[in-house]
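**Q** Sharing a structure below in structure tokens format, with a few things to ask.
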2 protein chains.
Amino acid sequence: MPSEVAAKSFEPAPSPAAPHHIRLTSHTGGHGAIPIHWAAATATERGPVVGTTTKRSHRNVIGTHSGSYSIYRALAVASGALKASHKADLTNTAPTNVIGPYPQWSEPGRIVAMDPWGATVADVFANELAAGYDIRPTIAVTQAHVILPEVIEALQSGRLKADGRFLTAGGAAMVTKVAVEPVWFLPEVAKRFGCTEADLRRVLFEETGGMYPELVTRSDLEVFLPPIGGLTAYIFGNPRDLANPDIELTARVHDECNGSDVFGSDICTCRPYLTHAIEECIQGAQRGGVGLVSYFRKEGRALGEVTKFLVYNARKRQIGGDTADQYFARTECVAGVQDMRFQELMPDVLNWLGIRKIHRLVSMSNMKYDAITRAGIEVVQRINIPEGLIPADAQVEMDAKMAAGYFTPGAVPDAAELKKAKGRGLDA
Amino acid sequence: MPSEVAAKSFEPAPSPAAPHHIRLTSHTGGHGAIPIHWAAATATERGPVVGTTTKRSHRNVIGTHSGSYSIYRALAVASGALKASHKADLTNTAPTNVIGPYPQWSEPGRIVAMDPWGATVADVFANELAAGYDIRPTIAVTQAHVILPEVIEALQSGRLKADGRFLTAGGAAMVTKVAVEPVWFLPEVAKRFGCTEADLRRVLFEETGGMYPELVTRSDLEVFLPPIGGLTAYIFGNPRDLANPDIELTARVHDECNGSDVFGSDICTCRPYLTHAIEECIQGAQRGGVGLVSYFRKEGRALGEVTKFLVYNARKRQIGGDTADQYFARTECVAGVQDMRFQELMPDVLNWLGIRKIHRLVSMSNMKYDAITRAGIEVVQRINIPEGLIPADAQVEMDAKMAAGYFTPGAVPDAAELKKAKGRGLDA
């Protein structure tokens with residue numbers, strides 16, 4: 001069944017390392033690959049995730065490391081800048097802070113979209129590394145000082161006070177930050193989406209236009225490294241305190257919105273809500289608690305920015321203007337769904353961090369709230385965005401979301417309110 | 001050669017739309033697909049890019065739309081939230097501003113990594129859409145108000161003045177913004193990287209762990225929609241003025257850095273340089289010129305954020321501390337290269353916008369400068385980041401880059417200077 005073809009229609013490849021045959025799909029029964037026992041109690045029993053392209057027989061997953069950036073790695077090899085055989089030298093790269101292990105790491109079905117042992121591969125898989133396996137971290141933990149103009153403004157206006165420990169007089173907040181690449185255990189990911197594993201594999205293959213035939217040919221490979229963005233967790237205070245339900249935890253789970261998060265577009269509340277959450281996290285840490293902002297790479301509701309801008313135009317040009325009652329409909333016309341973010345996999349990072357209780361959840365999203373509580377994490381209180389932080393042009397989104405079930409401590413807009421055009425036209 | 005397999009090891013799929021057989025790779029000689037003649041003079045002669053998954057026989061590319069987000073589309077289908085047959089309703093989504101066509105669109109080799117006709121598919125391919133082809137925009141153009149705290153600060157301190165046209169008294173800058181998905185014409189992309197097309201295709205397949213066998217089986221398909229992030233162009237002033245070399249153009253080409261661009265990490269100059277560029281663009285527009293910031297999704301030098309954080313740790317833990325003379329070496333140890341951003345494809349968007357001359361390039365990168373001038377675009381002056389905007393911990397990066405050939409109007413640091421530990425340790 002596995003086919004081999006020579007790329008005969010091309011001129012001979014000049015690269016000295018060029019193989020003469022290209023295997024279109026791998027097959028079972030190779031030797032040297034270490035089995036993965038997902039959710040096993042220890043790293044050794046679990047086994048390492050090996051997505052290397054340097055020694056193919058060692059691979060025990062579908063896909064490869066660094067998500068989308070494997071395409072850039074390919075460009076580096078194609079241009080001669082990188083040897084295909086390069087292995088990462090992990091000297092001095094170990095996490096700055098110990099995270100776990102926590103009981104959640106081996107509870108079945110609790111963590112299905114990241115590798116709990118991904119930060120400590122150099123340590124827990126030292127034997128396998130010494131034996132020549134090219135094992136790469138899928139998580140990195142470091143420390144940083146972050147300086148946001150909104151935090152400086154809060155210092156100046158007295159809403160925040162510098163303490164030299166969590167926040168300096170210059171406005172730098174001290175954080176531990178964690179980058180996480182997606183590692184999907186397909187049988188359990190399928191369960192989260194209510195479909196069979198076979199369906200998930202087939203649809204992943206077909207709806208991407210034929211990416212990774214191994215999704216359908218290699219049912220023995222149960223782990224997939226999808227070429228999508230991951231997440232970054234910013235921790236304010238001691239990361240160990242996240243796992244202590246007696247210590248007050250302020251948390252926001254934020255989905256990327258480049259247009260607002262970086263450029264400050266006034267059509268939505270993304271950056272204002274994010275910086276408000278950071279302010280809440282700093283205050284929480286200063287009260288003896290701990291704060292967490294988890295940033296997920298899901299641009300434009302995971303539809304991407306082209307679709308997002310198409311929807312903006314459709315909203316602002318429709319008859320009757322930009323109204324809350326048509327807010328979700330416009331996305332659905334273009335994209336077929338209102339939202340593709342799917343919060344089903346989001347709580348994994350919370351469970352990885354050992355979280356059992358969120359005292360203050362800085363989010364109004366019912367989808368996020370539902371996903372977190374379904375994942376076995378208690379939520380005590382929800383914090384809405386303060387009125388004064390909502391840009392005028394973002395009121396359409398706010399109204400539409402509150403009417404659709406988003407949390408609000410105030411009044412939910414009625415049908416008449418939703419029909420009012422509150423968004424600017426395109427010429428304004 | 002094209003293989004068909006049934007996914008026999010799984011239970012029967014319950015979805016009514018489930019096909020019984022899964023084709024692992026397509027084959028040439030299908031009918032219905034419209035040929036693509038890259039760089040043809042008109043849209044009709046060029047032909048549409050069809051990456052649909054709804055009607056396979058119409059496809060004339062490798063890969064599919066929305067880059068990485070096709071994975072989320074697959075989740076939407078797998079969960080039953082989206083019908084696989086959904087076609088986008090493009091009503092009212094057309095660009096808010098006309099871009100081109102410009103002569104560069106059909107100059108051979110000028111634009112190889114995006115579809116110049118990608119914004120206007122509903123217009124230029126109206127006949128093909130009417131005939132049932134599912135053609136999707138790969139570019140979207142809209143208008144926005146962007147409000148950055150740094151711009152408000154510049155207004156308050158008098159560096160910027162509101163004019164109600166380019167900048168409001170409330171600090172909102174008026175922009176046209178353009179989201180662009182990558183569309184690669186493989187024969188010319190290979191040329192940019194100095195390799196054969198066959199090598200590029202093979203390496204793209206192998207270094208991604210076997211993504212898209214069609215890269216090696218379908219040499220007749222010359223266009224690839226890679227699952228990577230694209231770019232967003234923010235235009236300050238009239239987009240048409242970009243193509244007029246007599247009108248002063250201020251421009252920055254910025255590579256994503258989430259840790260600084262969103263969270264304000266002080267280890268680099270990314271956000272300060274970006275907001276300085278926006279300030280320069282607004283001033284330029286107010287002087288009768290036009291401004292452009294193009295934002296490329298290439299996190300962590302296109303190595304991804306996990307690698308980036310590993311490198312941070314290695315830099316700050318090495319013997320001798322965080323010094324400029326080891327700055328690039330630490331990335332090379334972990335990643336095998338100093339940088340994977342490859343500016344070779346970057347100038348395409350500039351050529352797409354009709355740009356022939358950049359009067360003020362807000363960048364110190366020699367790689368970007370070289371790529372732009374090699375692409376036939378004149379650069380008159382380079383604008384460095386003002387000293388006062390460089391965070392203390394970012395001086396290591398600045399020194400290392402200037403020593404490596406980055407533009408500076410000041411002194412280039414010498415060997416002794418490069419050996420001084422200027423970055424903070426991890427405990428500080």
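**Q** Give the span of the stretch B:380-428's Cα atoms along each principal axis, as three whole-Å numbers ordered largest to smallest.
**A** Computed over the stretch B:380-428, the largest-to-smallest principal extents equal 44, 24, 13 Å.
**Q** Still on this structure, I have one more. Looking down the axis that turns A into B, which residue of A has the closest beta carbon, and how many Å out?
**A** A:Pro149, 2
**Q** With a ≥ b ≥ c taken as the square roots of the eigenvalues of the C-alpha gyration tensor of the protein assembly as shown, please select rounded if a/c is under 1.5 and otherwise prolate if a/b is larger than b/c or oblate if it is not?
**A** Rounded shape, in that the Cα axes give a/c under 1.5.
**Q** A further question on this structure: In nm, give the distance between the simple-model label positions of B:Ala428 and B:Phe407, each being 7 Å from the Cα along the Cα-to-Cβ direction.
**A** Once both label points are built, they end up 3.1 nm from each other.
**Q** Could I ask something else about it? Taking the Cα centre of each part, how many Å lie between the stretch B:218-232 and the stretch A:268-325?
**A** Centre-to-centre distance over Cα atoms comes out at 29 Å.
**Q** Right, here's the next one. Every other copy gets compared here: list the nm distances from the B:Gly405 label point (7 Å along Cα to Cβ) to its counterparts, shortest first, one decimal.
**A** 5.6
**Q** Exposed loop sites here are trypsin sites (Lys or Arg not before Pro) in DSSP loop states with at most 14 other C-beta atoms within 10 Å. What is the longest stretch of chain B lacking them?
**A** Counting at most 14 other Cβ atoms within 10 Å as exposed, the longest clean stretch of chain B is B:288-428.
**Q** Just the accessible area per residue of chain B, please: how many Å² with a 1.4 Å probe?
**A** Per-residue accessible area for chain B comes out at 35 Å².
**Q** Relative to the Cα centre, what is the charge dipole magnitude of chain B, using +1 at the beta carbon of each Lys and Arg, -1 at the beta carbon of each Asp and Glu, and rounding to the nearest 20 debye?
**A** 320
**Q** Can you compute the modelled spin-label distance between B:Ala130 and B:Thr91, with each label point 7 Å from Cα toward Cβ, in nm?
**A** About 1.9 nm separates the two model spin labels.
**Q** Quick check on the stretch B:214-323: take the gyration tensor over C-alpha atoms, sort the square-rooted eigenvalues as a ≥ b ≥ c, and tell me if it's rounded (a/c under 1.5), prolate or oblate.
**A** Note, shape of the stretch B:214-323 comes out oblate.
**Q** Another question about this same structure. Under 16 Å between alpha carbons, and skipping anything fewer than 8 positions from B:Lys420 in its own chain: which lysines qualify?
**A** Partners within reach: B:Lys316, B:Lys401.
**Q** With θ set to phi - 60°, apply the Karplus curve 6.51 cos²θ - 1.76 cosθ + 1.60 along the stretch B:255-263 and write out the HN-Hα couplings as whole Hz, x wherever there is a Gly or Pro.
**A** So the Karplus estimates, Gly and Pro as x, are 9, 3, 8, 4, x, 9, 4, 9, 9 Hz.
**Q** Let me ask something else about it. Amide H of A:Ile62: which non-local residues (sequence gap of 5 or more, or other chain) have their own amide H closer than 5 Å, using H built in the peptide plane?
**A** For A:Ile62, the qualifying residues are A:Val223, A:Phe224, A:Leu225.
**Q** Oh, and also: Taking H placed 1.01 Å from N in the peptide plane, check which residues at least 5 places from B:Asp115 or on another chain put their amide H under 5 Å from its amide H.
**A** It is B:Val183, by chain and number.
**Q** If the label for B:Ala81 sits 7 angstrom from Cα along the Cα-to-Cβ line, what are its distances to the same label in every other copy, in nm to one decimal, shortest first?
**A** 3.6
**Q** Compute the label-point distances linking A:Gly320 to its equivalents in the other copies; points lie 7 Å from Cα along Cα→Cβ; give nm, one decimal, shortest first.
**A** Shortest to longest, the spacings are 6.8 nm.
**Q** Residue by residue through the stretch B:294-308, which ³J(HN,Hα) values in whole Hz follow from phi under the Karplus form 6.51 cos²θ - 1.76 cosθ + 1.60 (θ = phi - 60°), with glycine and proline marked x?
**A** Values, residue by residue: 10, 10, 9, 7, 9, 3, x, 6, 6, 9, x, 7, 4, 4, 4 Hz.
**Q** Still on this model: No other cysteine beta carbon under 4.7 Å away is the test; run it over chain B and list who passes.
**A** Lone cysteines by the Cβ rule: B:Cys195, B:Cys268, B:Cys281, B:Cys333.
**Q** Dipole magnitude of the stretch A:41-106 about its Cα centre, charges +1 at Lys/Arg Cβ and -1 at Asp/Glu Cβ only, in debye to the nearest 20?
**A** 280
**Q** Something else about it: Per 0.36 nm of contour for each residue apart, how much would the distance between A:Lys55 and A:Arg159 grow if the chain were fully extended, relative to their Cα-Cα spacing?
**A** 31.9 nm
**Q** Also, quick follow-up: So which residues in the stretch A:121-152 end up with at least 40 square angstrom less accessible surface once the other protein chains are there, compared with the chain by itself, probe 1.4 angstrom?
**A** Listed by number, the residues meeting the 40 Å² cut-off are A:Ala140, A:Thr142, A:Gln143, A:His145, A:Ile147, A:Pro149.
**Q** Estimate for me the total accessible surface buried between chains B and A (protein heavy atoms, probe 1.4 Å, no ligands or nucleic acids), in Å² to the nearest 100.
**A** 11800
**Q** What is the distance in Å between the Cα centres of the stretch B:357-385 and the stretch B:95-128?
**A** If we compute the Cα centre of each part, the gap is 24 Å.
**Q** For the stretch A:316-331, in order, what is each residue's ³J(HN,Hα) by Karplus, 6.51 cos²θ - 1.76 cosθ + 1.60 with θ = phi - 60°, in whole Hz (x at glycine and Pro)?
**A** My calculation for the stretch A:316-331 gives 7, 9, 5, 4, x, x, 7, 10, 5, 5, 10, 4, 6, 4, 5, 5 Hz in order.
**Q** Run the Debye formula on the Cα coordinates of the stretch A:26-67, all scatterers equal and no solvent, and tell me log10 I(q)/I(0) at q = 0.17, 0.20, 0.33, 0.35 1/Å.
**A** Here the Debye-derived log intensity ratios amount to -0.48, -0.64, -1.16, -1.21.
**Q** Could you please state how large a percent of the accessible area of chain A is carbon and sulfur, counting protein chains only and using a 1.4 Å probe?
**A** After summing per-atom areas, the C and S share lands at 52 percent.
**Q** Cross-link partners among aspartates and glutamates for B:Lys191, C-alpha distance below 16 Å, same-chain residues fewer than 8 apart left out?
**A** A:Glu11, B:Glu107, B:Asp199, B:Glu222, B:Glu344, B:Asp348
The values are calculated or read from the model by the stated rules, or taken from the named source; none is laboratory data. Just so you know, these numbers come straight off a predicted model, no measurement behind them. Glycine also receives a Cβ, built like all others from the backbone with ideal geometry; neighbour counts cover every protein chain displayed. Remember, those area values only see protein heavy atoms, side chains included, never the ligands or the DNA or RNA. Shrake-Rupley method; radii C 1.70, N 1.55, O 1.52, S 1.80 Å.
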